[in-house]
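Undergrad: So that we are looking at the same thing, I have put the structure below in structure tokens.
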């Protein structure tokens, strides 16, 4: 048996420092997932010609309760037992003592597949309607037929609609009147001096080398004990109880170390855990289910492309007059967080910039792909990638510096002077212009951008790389800049509840115990220093207690609960309450603080107005790169980042976190390639504001700054990420082809002119 964890009485949740995949239990069996070989159809039967003794197939028929799990976007089956949603959907588990034999048996399974779908078996409402009109029927029969038609239509709308989440947002003078809104909006684009439109494709997946998802569980005396890296304990427990038809207090959860951060890791672990628990109950033995690396990447860490179409209009001074944005998200077969993803993409749609008129239409559609998994803290990165590239293109069209263009269109400057046209989505960000100017000075952006722009014009003058280049050929260089904010504690989240709290106990003069889910080493250090400062005691030792009984168990996903800005605020309130207590020498002394209800009231989800986040940080970055004209390999010359994240309590830890994130995102820009970052400068704008989340800011900044720098070096727009290994070579080849065509057209035109001149002379 795994080593025991010291806990309090009546505890059915505790934190384990181990990885579940390293644990073993006597008489433990292994499990592999049986998956659908098709993306559409109905699996009617699964069989094996000769299943060896000791090996068992577990399917939906073995589930004691309902074969459905609750999610914010509806019910999802534990095992597919009907219409297949995507290729690879779990049909069951194959259980046995030998992993190698399990994989062999898996390949020998036979599937009986009905290629029709459920929709094919539904009656056609048109046929029913025709029968209703061609035959003589009573009023009662006609009414019954009409009701049947409406029911069929509703079923098709509910179950076969491709749209699973949507949001439309519009604001500005064009939309104040109910009449001619679109006509007036389009008129702005027709009359503006500068306008540009482009589609931007974002499908970056942050590579994850942590432990794949899975679970280990066993039953004893009617109680289930499960080891799993769950990020949403309350959801896991409630779903286990429902599926297994047991009481919640009959489930003992041992949360193991988790390294996964995608949206799928939050909710899909409940499905995996339920599958494993059902199998363990059927065979009455411990079961361990560990996803392979391929399964993890294909079904849990997969990211489908996000398409964002931008149309922007500016006046002769470079002031943005209108933005028209269309966002399309391929959510896969489902994503419980689809609405939050859509909403946050809309909030970040116009980035850090104001416009007099804006329309954003966003839609998440389901497909025959596995569920798309975006990092919950950086789901709006696609919006920043699109808008920052769009701003760069507009600056070029307006013949302005990218820095100056961003400053004059800043959404966060001179707010007091623009109260009448204040944007309805409020973000508390300061010093954007100051931060941009500082970045421009540190990186020498304006000079380098102008110089590299002149170099890029060489393409037009037949000085571009030839088919055969020399090592002495001049390098191709470019520099890009990007701005972004990171909102944490989104009030519009479907899983966000106004019961987030923190409990703190002063055990003695020098020891504080915080009752909360596990926290990182850096946050632990920040909390320790904060407690010492407020309590005026440099000898304070802060400990954490991550053991909960069922009634105390956090109801929110760990990624939400561990928000540094919210939790640090609650910690400060607890420390202040302890400091003010009447009996100073009374120990132990416990206080508990809860997120105020006024926080939620700042955001109006229905009208989509107000302050959407608990806190917001801001940053800008520049990237300078160079392309080798022979190998077309890029070298990152400089990366500069300036961050405004409130009061940075531990600069060293924050810097380390940013450095790690920078290398992660650079490793994700080109498939199967690593981009080394040597010269990285990180600066912080210190303030007395509460600390904000800053860990994901670089995911919002780097992709767009990189693509801008690369676009300048290649003298063409890079409108999609990640790139393939040969993408840069292909872009250069396209440029060469274009140059050749231009030369031929020029030569043809010159020959025509020469022939005309000759004919004139002859005449």
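Read the figures in this text as sums done on the coordinates, not as results from a lab. From a predicted model like this one, the values you see are computed outputs, not experimental measurements.
Undergrad: Considering only DSSP beta bridges with both partners in region 501-594, what is the antiparallel share in %, to the nearest 5? Spell out each step's value before the answer.
TA: Details: 10 of 15 bridges.
Counting DSSP beta bridges with both partners in region 501-594, the antiparallel share is about 65 percent.
Undergrad: Counting only DSSP beta bridges with both residues in the chain, tell me the antiparallel percent, nearest 5. Walk me through the intermediate numbers first.
TA: Details: 94 of 129 bridges.
Taking every DSSP beta bridge within the chain, about 75 percent pair in antiparallel fashion.
Undergrad: As a test of the formula, what do you get for the chain when each DSSP H run with n ≥ 4 contributes -39,500 (n - 2.57) and the sum is divided by the residue count, at 222 nm and rounded to the nearest 500 deg cm²/dmol? Walk me through the numbers on the way to the answer.
TA: Details: 19 runs with 257 residues, N = 763.
Computed ellipticity for the chain at 222 nm equals -11000 deg cm²/dmol.
Undergrad: Further, regarding this structure: Report the full-extension gain for the segment residue 594 to residue 177: residue separation times 0.36 nm, less the Cα-Cα distance, to one decimal in nm. Please report the intermediate quantities before stating the final value.
TA: Values: separation 417, 0.36 × 417 = 150.12 nm, distance 4.25 nm.
Additional length available on full extension: 145.9 nm.
Undergrad: Sequence gap at least 6, Cα distance under 8 Å: using those rules, report the relative contact order of region 501-594 to the nearest whole percent. List each step's numbers first, then the result.
TA: Working: 126 pairs, mean separation 41.4, N = 94.
The value is 44 percent.
Undergrad: In degrees from 0 to 90, rounded to the nearest 10, what is the angle of the helix 651-666 Cα long axis to the longest principal axis of the chain?
TA: For helix 651-666, the angle is close to 70 degrees.
Undergrad: Determine the shape class of region 231-378: with a ≥ b ≥ c the square roots of the Cα gyration tensor eigenvalues, call it rounded for a/c under 1.5, and otherwise prolate if a/b is greater than b/c, oblate otherwise. Don't jump to the answer; show the numbers that get you there.
TA: Values: a/c = 3.42, a/b = 2.86, b/c = 1.19.
Note, shape of region 231-378 comes out prolate.
Undergrad: Which whole-number percent gives the relative contact order of the chain, counting Cα pairs below 8 Å spaced six or more residues apart? Show your work: numbers first, answer last.
TA: Numbers: 1520 pairs, mean separation 106.6, N = 763.
14 percent.
Undergrad: How far, in degrees from 0 to 90, does helix 99-108 lean away from the longest principal axis of the Cα atoms of the chain, to the nearest 10?
TA: Roughly 70 degrees, rounded to the nearest 10.
Undergrad: Ok, one more. Evaluated at 25 °C with a viscosity of 0.890 mPa s, what Stokes-Einstein diffusion coefficient in µm²/s does region 659-713 have when Rh comes from the Kirkwood expression over alpha-carbon pairs?
TA: Result for D is 189 µm²/s.
Undergrad: Right, another one. Pull out a ≥ b ≥ c, the square roots of the eigenvalues of the alpha-carbon gyration tensor of region 476-554, then state rounded if a/c is under 1.5, prolate if not and a/b is larger than b/c, and oblate in the remaining case. Could you put the intermediate results ahead of the total?
TA: Numbers: a/c = 2.91, a/b = 1.49, b/c = 1.96.
It is oblate, given that a/c is not under 1.5 and a/b is not larger than b/c.
Undergrad: Okay, next question. Once the Cα atoms of helix 233-244 and of the chain are each reduced to a long axis, what angle between those two axes, in degrees from 0 to 90 to the nearest 10, is obtained?
TA: Between helix and principal axis, roughly 50 degrees.
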